[in-house]
Amino acid sequence: MKPFYDLASLAKPLVTAPLALAFLDLDADRRWALGFPDRPSPLTVRQLLSHGSGLPPWRPFTAEPLASLLARPLPDHPLLRGATPGLATYSDLNYRLLADLLAQETGVPFAALGRASGLSAAPWGVAPVQVPDGPDTAAWTLATGGPPPPRDPRLPHDCNARAGMAGHAGFGTTADQLRQALARWVAAGWPARMAVPTAAGENGAQWGLGLQVLFDGAGRFGQLLSSLPPGPGIHVIEDAGDDAPSSAPALAADPGAPSGWWYHLGYTGPALFFRPSDQACLALLAHRRGPGGTLLDVDALRARRWQLLARFMGQSGG
């Protein structure tokens, strides 16, 4: 049986952003439609796509309206912090609101809309390799006073996604299925529409409408990919193992210059890269799990991705 992967946040650029670009006005004020009548400034789809809305990075997905949840004080936890004023702050909540708005505007449930992507919406018929609990589990308990949603191998790993939070996760794939979905995604012009500088973000990030700029500083993926020969193509690199990755080069503080590539990462291990100049598209399918089933930390996950990209570059003459 072919390995099946939880795409996690790659649902944002592959499912939610294309649907928003297809069905929604980017600049209409959606404060009232989304339940934020007391917000002093407009709330637009463009802001949500580029993470420039000012919403915090994460909140537990419960039946409570988001505006009410945001008004309540919460315990101290890195995932429960606020947005950085004046800078785009990557947030699952932006894409939760996009999913809500898409269902309102079209009258079609988000999961039904998302099936047009060619990816598999949860609950899945085949379970991906399970990723151990991460920091969202502790944050959920702190914020709600109760346990996170129960695990189900056929539902996404993220606590919010397991509870049904559409927009930011909830889709999975095999390598062949993803290759076909990416070919349609590129041919439809979605990534080219996303790769437009829109909002300056935290830590020097630059966000477009669903993808962010990949820089070429030392130890960054843009440095590695910058030597890929020009030419269009869809490349899916798969690693279903859970061996210990070799170390990646040290990450320099200076992000460098834009590499010509745009990208997005998924919590469970996958990654997506797109080069507008020739429409080259490259995706990694890997599990964020190491020997013994332990959760890879951020550095080990970067090393696994670097290892896969370096192997591909060597085979491609880059």
Reduced to Cα centres, the span from the stretch 11-61 to the stretch 90-162 in Å works out to 17 Å
Distance from the stretch 245-301 to the stretch 202-217 (C-alpha centre basis), Å: 13 Å
Taking the dipole about the Cα centre of the chain, with the C-beta of Lys and Arg at +1 and of Asp and Glu at -1, give me whichever of VAL45, THR84, PRO149 is farthest to the positive side. VAL45
Non-local residues with an amide H under 5 Å from the amide H of GLU238, with H modelled 1.01 Å from N and Pro and chain starts lacking one, are LEU285
Counting DSSP beta bridges with both ends in the chain, the antiparallel % (nearest 5): 70 percent
Report Rg/Rh for the stretch 173-316, rounded to two decimals, where Rg is the Cα radius of gyration and Rh the Kirkwood radius. 0.95
Along its three principal axes, how long is the chain when you only count alpha carbons? Whole Å, largest extent first please. 55, 41, 39
Relative contact order for the stretch 173-316: what is it in percent, counting Cα pairs under 8 Å that are at least 6 residues apart? 25 percent
Is the stretch 5-171 rounded, prolate or oblate when judged by the Cα gyration tensor, a ≥ b ≥ c being the square roots of its eigenvalues, rounded requiring a/c under 1.5 and prolate requiring a/b larger than b/c? oblate
Inter-label distance for ALA218 and SER246, nm, one decimal - labels placed 7 Å from Cα along Cα-to-Cβ: 2.0 nm
What net charge do the residues around PRO123 carry, taking every other residue with its C-beta under 9 Å from that of PRO123, with Lys and Arg at +1 and Asp and Glu at -1? 0
Relative contact order of the chain: what whole-number percent is it, with Cα pairs under 8 angstrom and at least 6 residues apart? 20 percent
Provide the descending list of Cα extents for the stretch 1-95 along its principal axes, expressed in whole angstroms. 51, 35, 28
How large is the dipole of the chain about the Cα centre if only Lys and Arg carry +1 and Asp and Glu carry -1, each at its Cβ, rounded to the nearest 20 debye? 320 debye
THR106-LEU142 pseudo-label distance in nm [points 7 Å out on the Cα-to-Cβ vector]: 3.6 nm
Which of ALA163, ALA252, ALA175 moves the most in a Gaussian network model of the chain with Cα springs under 10 Å? ALA252
Please give, to one decimal in nm, the separation of the simple spin-label points placed at GLN279 and GLN315, each 7 Å out from Cα toward the Cβ. 2.4 nm
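Taken together, the values in this text are just the output of simple stated rules run on the coordinates, not laboratory data. Since the structure is predicted, the reported quantities are computational estimates derived from the model, not experimental observations. Because the Cβ atoms are built from the backbone with ideal geometry, glycine has one as well, and the counts that use them run over all protein chains shown.
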